[in-house]
Amino acid sequence: MGLSLNKVVEPQKIELNKYAKIYSNDNSPKKRLYVEGRKPDFRKQDIIAIVKNIKKLYLLPYTLWETVKLIKKIITPTKSKISKKSFDELAHFITKLQVDDFGFFEVTPEKIFKECGVPYKYALVFSSSMDKNAFADVPSIECQLEVARVYAVTGNIANKVAKFLQNIGFGASPNHSMGGQLDYSMAAEWAGIAVTGRHSMAITKSNGACNRISVVYTNIENLGDFIKYTEDMTWIRDFCEKCGKCIKKCPEGAIYEKPVILDGVNPTRIDYEKCSKGFMKYGCGVCIKECPFTCGNYEKIKSGFAKNKVKE
Ligand code: SF4
Ligand code: SF4
């Protein structure tokens, strides 16, 4: 029997759609899934590695179940504006979770995948690091286990933040890191905490391309009073233009030289048919490993790039 990510995340999608106030439209992109109907090709030693790491993995189905439960617990919000005191408490709560960067954006229909909807107008976006060492020998089962572990961590973050906000009277619905109603790399970009690289991963200041992302939809309309963007990361686009390492190193030739508009208004950077072949080899991850931002220091790369620009 083939793997179906769609089936795993379907209950979450059904619940978010049930309570949706904002829906996709004709300009929305189609959601693309890598492993739909494909059979994983695990070797004996991979099964042993999975069993040995079961402690890291058991949280994943639990967090997905918790996400569905929290979406169902839709409340009639008693507030739509957050006070400085409550925001400080929220920020403090977030820093105690394993969140490296967070931001927010306003959700509009063309940002949502086709046939999807979200219950609230604003989205808080959280990014957490994956262990770079797990990507040293990609494609590998170690890398796939690490991705699964951080899916659970980031899913849990969305659940906890949603619960926190519900408890103080706000509308809040988590969207687990597995099964976004919208493109999470772009969500991180819209939230000002990342720029989407040519490999389509969000490149963040803290963790380069080695991160996972989750989201909480909320009715808080004054997040902009407290979350300010101090870093213009758009220089990464010029860096990417000159770099192209992920394109050269991708074993399947799956990364477009120039992004294309397949549907909707947002560019598509990956040939998903080709990437899904790589993806079946332990999730691949070569493009993450090879990206200079994954192991390099953001500030050093930035200043080096600026100096070279001056010399040109
Ligand atoms: S995951 Fe692998 S196959 Fe897919 S784009 Fe990245 S390097 Fe290419
Ligand atoms: S490898 Fe280079 S081109 Fe690809 S996303 Fe990273 S910085 Fe951009």
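None of the figures in this text is laboratory data; all of them are computed from the coordinates on show. Note that the coordinates shown come from a computational prediction; the quantities given were computed from them, not determined experimentally. Here the Cβ is made from the backbone with ideal geometry for all residues, glycine too, and neighbour counts use every protein chain on show.
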| request: Let me have the 222 nm mean residue ellipticity of the chain computed from DSSP H runs of 4+ only, each contributing -39500 (n - 2.57), with the sum over all residues rounded to the nearest 500. | output: -12500 deg cm²/dmol
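Could you sort 186-199, 227-240 so that the peptide with the highest average Cβ count within 10 Å comes first and the rest follow in order?
Numbers: 186-199: 24.5, 227-240: 13.6.
So the order, starting with the most tightly packed, is 186-199, 227-240.
Which trypsin sites (Lys or Arg not before Pro) from the range 15-95 combine a DSSP loop assignment with at most 16 other Cβ atoms within 10 Å? Show your work: numbers first, answer last.
Working: sites: 18, 21, 30, 31, 32, 38, 43, 44, 52, 55, 56, 69, 72, 73, 79, 81, 84, 85; in loops: 21, 30, 31, 32, 43, 73, 79, 81.
Those that pass, being in a loop and sparsely packed, are 21, 30, 32, 43, 73, 79, 81.
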| task | Compute the relative contact order of the chain as a whole-number percentage, counting only Cα pairs closer than 8 Å that sit 6 or more residues apart in sequence. | result | 23 percent
| task | Please work out how much length the chain gains when fully extended from residue 57 to residue 93, using 0.36 nm per residue of separation minus the C-alpha to C-alpha distance, in nm with one decimal. | result | 10.5 nm
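How many percent of Cα pairs in the range 236-312 exceed 18 Å?
Working: 1460 of 2926 pairs.
So the portion of pairs separated by more than 18 Å is 50 percent.
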| In the chain, which cysteines lack any other cysteine Cβ under 4.7 Å from their own? | 116, 143, 210, 240, 243, 250, 275, 284, 291, 295
| Estimated translational D of the chain in µm²/s (Stokes, Kirkwood radius over Cα pairs; 4 °C; 1.567 mPa s) | 65 µm²/s
| note | At 10 °C in a medium of viscosity 1.306 mPa s, the range 1-135 has a Stokes-Einstein diffusion coefficient, with Rh taken as the Kirkwood radius over alpha carbon pairs, in µm² per second, of 87 µm²/s
| If you count the DSSP beta bridges with both ends in the range 5-311, what percent of them are antiparallel, to the nearest 5? | 100 percent
| note | Set 96/132; 73/281; 96/302; 245/281; 31/69; 274/300, cut-off 26 Å on Cα-Cα distance; pairs above it are 73/281; 96/302; 274/300
| message | Just to confirm my numbers, what's the Cα centroid distance between the range 237-288 and the range 82-128 in Å? | response | 27 Å
| query | Arranged from highest to lowest average of other beta-carbon atoms within 10 Å per residue, in what order do the peptides 172-185, 252-265, 212-225 appear? | reply | 172-185, 212-225, 252-265
